[in-house]
Each structure stands twice: as C-alpha cells, then as structure tokens.
Amino acid sequence: MISETKLTVRYQETDQMGIVHHSVYPIWFECGRTDYIRNAGMTYGQMEKDGIRLPLLSMKCRYLYPSYYEDEITVKTGIKALTPTRITFRYDILRKGIHKPIVQGETEHVWANGSLKPVNLKKYKPDLYHFLCKLYTGEENNEE
C-alpha cells in the first residue's frame, strides 16, 4: 500500500531564500506516516491507547530539488521493511509539475510498549503484526 498526502507549502516553512527549509521535510514525513496508518484503518492515537509506540531510531533524507512557497506537494508513503521488532517507512516527496521525487527519505522505528520498552510485535500484538504484514506484502506485490 502506498499512501498519498497532499500539502501546500506555507510561508513559515521557507527560509530567507524562499526555499522550503530542510528541517520541514521530517515533519512532512510524519504527516505521510500518520496518513498511511489512518488509510490502513487505524490511527496513531488508537495504537497508543492499545499500548503501542513507535520511537524513531534513525532517519535518512536526500534532498534532490527545492520546493517553494505555495508549491503543491505530495508525500508518498509506504513500508520499506517490517520485522517483529522494527518498521521502516519510505517517503517520496513530489512537487506538482515535476515528475520525479524532489526529496526521498526513510524513518526506522522500533516497536515499543507504553513504557517505551522495545517489544516483539509478533508476540505482543499478533493481530496488528499480521495486519501490517498483509499491507507490506501487498505493497511488494504491487511493485512487481
């Protein structure tokens, strides 16, 4: 499954040169990840009520082309990797009028309980793990 999140660049997201500041893209990754989970049929809030957290372990961001005030942006989000202990999301950020990503990124998260202790999701919440496996497997099949 690939989720698409539509955004419009706000003035406050640009720097003195009128270009989107590099610190904004991780925020857009979060918007994409939140929409991905919502489009899958759950919410971050519900996951947290169910005792699941997703602390960030690492993030990669590759800046290819700039974006500017009032540009129409699409954040494409998918699962790159899924294990019982971790999940990695991938992001392609596109700007209207450019047919290739302007930014590409990844965030790696650990599955944790409400106390932020790492857990094996396959054992801790097997239904959620199997649900995510189906999304991930379906995503892989769609790309072939």
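The values are calculated or read from the model by the stated rules, or taken from the named source; none is laboratory data. Model, not experiment: these values are computed from the prediction. Neighbour counts run over all protein chains shown; Cβ positions are idealised from the backbone, glycine included.
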Any chance the range 94-112 includes a residue that's basic (Lys, Arg), modelled with pLDDT of 95 or more and under 19 Å from residue 52 (Cα atoms)?
no
Quick one: in the range 25-52, which of the residues that are surrounded by 19 or more Cβ atoms within 10 Å (Cβ to Cβ) and under 21 Å from residue 69 (Cβ atoms) is farthest from the chain's Cα centre (by Cα)?
25
Filter the range 1-18 for residues that are surrounded by 18 or more Cβ atoms within 10 Å (Cβ to Cβ) and farther than 17 Å from residue 88 by Cβ; the one that is nearest to the chain's Cα centre (by Cα) is 5
So which of 79, 73, 93, 98 ends up being in contact (Cβ under 8 Å) with a residue 24 or more places away in the chain, part of a loop (DSSP other than H, G, I, E, B), under 18 Å from residue 4 (Cα atoms) and among the β-branched types (Val, Ile, Thr)?
98
Restricting to the range 53-70, count the residues that are in a loop (DSSP other than H, G, I, E, B), without any contact (Cβ under 8 Å) to a residue 60 or more places away in the chain and more than 15 Å from the chain's Cα centre (by Cα).
4
Tell me the residue from 73, 37, 98, 19 that is closer than 26 Å to residue 131 by Cβ and in contact with a Phe, Trp or Tyr (Cβ under 8 Å, 6 or more places away or on another chain), please.
37
Right, residue 27: β-branched (Val, Ile, Thr), more than 24 Å from residue 114 (Cβ to Cβ) and free of Cβ contacts under 8 Å to residues at least 12 places away in the same chain or not?
yes
